[in-house]
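In what follows, a structure is listed as structure tokens, so that the remarks can point back to it.
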Amino acid sequence: MKKILLFTSALAILLSSCSEKYETLEDLHQTPEQLKQQVQNGQAYLIDVRTPEEYKSSHLKNAVNVNFKSPDFKEQISKLDKTKPVYLYCQKGGRAKKATDSLKAYGFSDSHSVGGLEQLKKQGLTAE
């Protein structure tokens with residue numbers, strides 16, 4: 001009985017942590033247009049954390065590629081102004097969530113994983 005209870009508790013914790021992969025723009029009280037304006041005006045960063053190959057195939061307009069899997073990820077991210085909002089995305093949201101957690105550990109106070117490329121395009125962000 002104790003094993004079942006322990007397993008059930010562990011499963012509940014695991015599922016609750018997986019369900020919070022990313023924040024939607026709506027969660028952040030942002031419209032796609034507001035996000036675009038912030039990035040274009042230099043008030044925020046839009047970071048694509050996928051590989052350079054993925055980025056070359058398609059990415060959001062005005063997004064900068066900083067590969068989360070690259071050994072110099074921390075060095076590249078550290079060049080950003082920590083006082084500006086940082087919006088990160090990847091293919092589906094998983095890498096962006098991990099990257100957001102890393103940014104918070106590096107001292108960024110306003111970083112957000114906003115999901116995957118296809119989902120963001122459906123919300124109205126333009127891809128190149």
> What whole-number value in cubic angstrom gives the convex hull volume per residue for the C-alpha atoms of segment 33-84?
Replying inline: 70
> Most exposed first by the Cβ proxy, i.e. fewest other Cβ within 10 Å, how do Arg95, Arg50 rank?
Replying inline: Arg95, Arg50
> Computed over the Cα atoms of segment 22-122, what is the ratio Rg over Rh, Rh following Kirkwood?
Replying inline: 0.92
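Read-outs throughout are calculated quantities, based only on the coordinates presented, and are distinct from any laboratory measurement. Not measured: the values here are computed from a predicted model. Cβ atoms come from the backbone with ideal geometry, glycine included; neighbour counts cover every protein chain shown.
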